[in-house]
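Below is one structure, written out as structure tokens; comments come after it.
The values are calculated or read from the model by the stated rules, or taken from the named source; none is laboratory data. These figures come from a predicted structure and were not determined experimentally. Here the Cβ positions follow ideal geometry from the backbone for every residue, glycine too, while neighbour counts run over all protein chains shown.
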Amino acid sequence: MPFIQAKLSVSINNKDELQQKLSNAVSQSFNKPSAYIMSELQENCDLWMGNKKLEKGAYLSISLLGSTTKQACYELTEKICGILKQDYNIEGNNVYITYHPTELWGWNGMMF
């Protein structure tokens, strides 16, 4: 039930590969089934930090059903920053990630 929304200021070489890496990281960190993870990837986004346009930066928003711990978010943040650094040379200080746990989640005409 997680939803990953990722905006990168660079071109994404292989969207399927990035989606799979992010999905696996979320699945492992939050113990959520990967079959229910939805993702949106946007590339070449204009991102600014401190009035400076980022050549290499990223913003991710992760929504999930239920609660989580700060430790799980910390571990996922490390994983995501590692993926972005390795695959796109985006430094961690140019990455923002927000987490949005919720108890209200609809799917298939019903509520979980």
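Which residue is farthest from Ala35 (Cα to Cα), if the candidates are limited to segment 65-90 and must be among the aliphatic types (A, V, I, L, M) and modelled with pLDDT of 95 or more? Give the steps one after another, and end with the answer.
Residues of segment 65-90 among the aliphatic types (A, V, I, L, M): 65, 72, 76, 80, 83-84, 90.
Checking which are modelled with pLDDT of 95 or more leaves us with 72, 76, 80, 83-84, 90.
Details: Ala72: 20, Leu76: 18, Ile80: 19, Ile83: 21, Leu84: 23, Ile90: 28 Å.
By that ranking, first place goes to Ile90.
Take the conditions out of contact with any His (no Cβ under 9 Å at 6 or more places or on another chain) and either over 22 Å from Ala25 (Cβ atoms) or without any contact (Cβ under 8 Å) to a residue 12 or more places away in the chain (or both) and apply them to Thr69. Does it pass?
Details: out of contact with any His (no Cβ under 9 Å at 6 or more places or on another chain): yes; either over 22 Å from Ala25 (Cβ atoms) or without any contact (Cβ under 8 Å) to a residue 12 or more places away in the chain (or both): yes.
Against the criterion (out of contact with any His (no Cβ under 9 Å at 6 or more places or on another chain) and either over 22 Å from Ala25 (Cβ atoms) or without any contact (Cβ under 8 Å) to a residue 12 or more places away in the chain (or both)), Thr69 qualifies.
Among the residues in segment 67-78, are any over 14 Å from Tyr99 (Cβ atoms) and of a type outside the set (Gly, Ala, Ser)?
Step one: of segment 67-78, the residues over 14 Å from Tyr99 (Cβ atoms) are none.
No, segment 67-78 contains no residue that is over 14 Å from Tyr99 (Cβ atoms) and of a type outside the set (Gly, Ala, Ser).
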